[in-house]
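The values are calculated or read from the model by the stated rules, or taken from the named source; none is laboratory data. Quick caveat, the model's predicted, so the values are computed rather than measured. Positions of Cβ are backbone-derived with ideal geometry, glycine not excepted, and every protein chain shown enters the neighbour counts.
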Amino acid sequence: MATLLSTMLTLAGCGGGSSSGSAVLVDTTVPTDPTSPAPATPLIAPGAYLASLNGKDWVGMLLPSTQGSSAVTNFYGLSYNSADPDLYSGSGTASGTNTASLPRVFVYPNITGAVRSGTGTLNNMGNGAVRVTLSFPSTGLEQGKDLSVVASPPSNYKYNTAATLTSAQGSWQGRFSYAFGYVDNFNLTVSGQGAVSASTSFQQDCVLTQGILAPNFDGTNLFTFSVTIPTSTQCALKGQTLNGAAFISNSPVAGKTQRLYIVGVTTDGRGISYKADR
């Protein structure tokens with residue numbers, strides 16, 4: 001791939017803060033896995049990243065969205081402080097760099113559903129690892145928070161091997177999260193052409209329509225994801241089109257071989273996520 005982008009994000013829940021001062025959450029442990037090939041580049045690479053933050057899973061995706069010297073990379077993060085994650089999203093000019101700025105980062109906390117915005121930086125740590133540092137200033141009753149995590153590619157994941165629809169095609173059953181709640185055993189089906197459909201509703205009368213997964217244009221081992229949620233009476237995301245990313249990695253669950261992560265967000269940082277094993 002001609003241009004290697006960056007973006008690794010990570011954060012842990014940015015809901016309420018401590019009673020005084022700003023909270024600092026740092027995980028300096030770089031996951032080590034001899035089977036996980038490091039990118040053959042000294043620069044931050046696009047793709048999927050995993051880490052453990054305070055003993056909880058953190059998942060990041062750095063998705064190239066444009067080509068050229070001023071290429072933009074979208075980043076998405078899932079911070080599993082509980083069974084359902086806080087969602088992070090943003091973008092920055094991160095092509096071929098060791099360090100990149102994220103001028104605007106959103107966090108959509110699980111349960112509260114109140115979006116906060118901040119800034120961030122990405123730093124190449126070597127051996128395929130990236131440190132993501134985010135800062136969310138105080139807003140009203142919310143204390144400021146500075147968050148940092150180091151993450152590495154999943155085991156046996158190759159960032160520069162293009163994602164294929166064959167790997168995603170078929171039925172999935174997993175946990176669907178949307179900040180105000182979740183649906184367990186949520187069924188998604190991916191067609192051979194990448195159409196994503198679901199027979200289950202959420203938040204009473206919310207449904208997913210016009211869903212699509214597609215291998216990213218530049219050969220990065222990520223899918224682009226988009227879905228529309230029609231206007232309805234109870235749905236907080238009604239009338240919205242969500243865009244995001246997805247990837248498939250080895251499943252850590254006994255008897256399963258694949259794990260699928262999906263995240264999709266609106267332009268103001270609200271969104272959904274999905275995790276399934278098969």
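Table for the structure above
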item: Check on T224, out of contact with any helix residue (DSSP H, G or I) (no Cβ under 9 Å at 6 or more places or on another chain), surrounded by fewer than 19 Cβ atoms within 10 Å (Cβ to Cβ), on the phi < 0 side of the Ramachandran plot and not assigned by TED's automatic domain parsing to the domain that holds F106; result: no
item: Which listed residue is in contact (Cβ under 8 Å) with a residue 12 or more places away in the chain, surrounded by fewer than 17 Cβ atoms within 10 Å (Cβ to Cβ) and not assigned by TED's automatic domain parsing to the domain that holds N221, from R116, R104; result: R104
item: Elements of type strands (runs of 3 or more DSSP E) in region 107-187, at least 2 residues being of a type in the set (A, V, I, L, M, F, W, C) and at positive phi; result: none
item: Complete set of residues in region 179-207 that are more than 20 Å from R259 (Cβ to Cβ) and under 19 Å from the mean Cα position of the chain (by Cα); result: A179, F180, G181
item: I272 being closer than 21 Å to Y157 by Cβ, out of contact with any Pro (no Cβ under 9 Å at 6 or more places or on another chain) and buried (at least 20 other Cβ atoms within 10 Å of the Cβ); result: no
item: Subset tally (residues that are within 16 Å of G60 (Cβ to Cβ), surrounded by fewer than 24 Cβ atoms within 10 Å (Cβ to Cβ) and touching a residue at least 40 places away in the same chain (Cβ under 8 Å)) for region 131-149; result: 2
item: Criterion: surrounded by fewer than 18 Cβ atoms within 10 Å (Cβ to Cβ) and closer than 25 Å to G47 by Cα - qualifying residue of N187, N216, N243, N250; result: N250
item: Residue within region 170-184 that is surrounded by 22 or more Cβ atoms within 10 Å (Cβ to Cβ) and within 20 Å of L63 (Cα to Cα) present; result: no
item: Top-ranked residue in region 198-220 [being β-branched (V, I, T) and part of a strand (DSSP E or B); ranked as farthest from M61 (Cα to Cα)]; result: T209
item: Residue tally, condition of a type in the set (V, I, T) and modelled with pLDDT under 95, over region 162-186; result: 0
item: Neighbours by Cβ (under 6 Å, 6+ apart or cross-chain): first from region 80-94, within 11 Å of V265 (Cβ to Cβ); second of a type in the set (F, W, Y); result: L87/Y108; S89/Y76; S89/F106; G90/F75
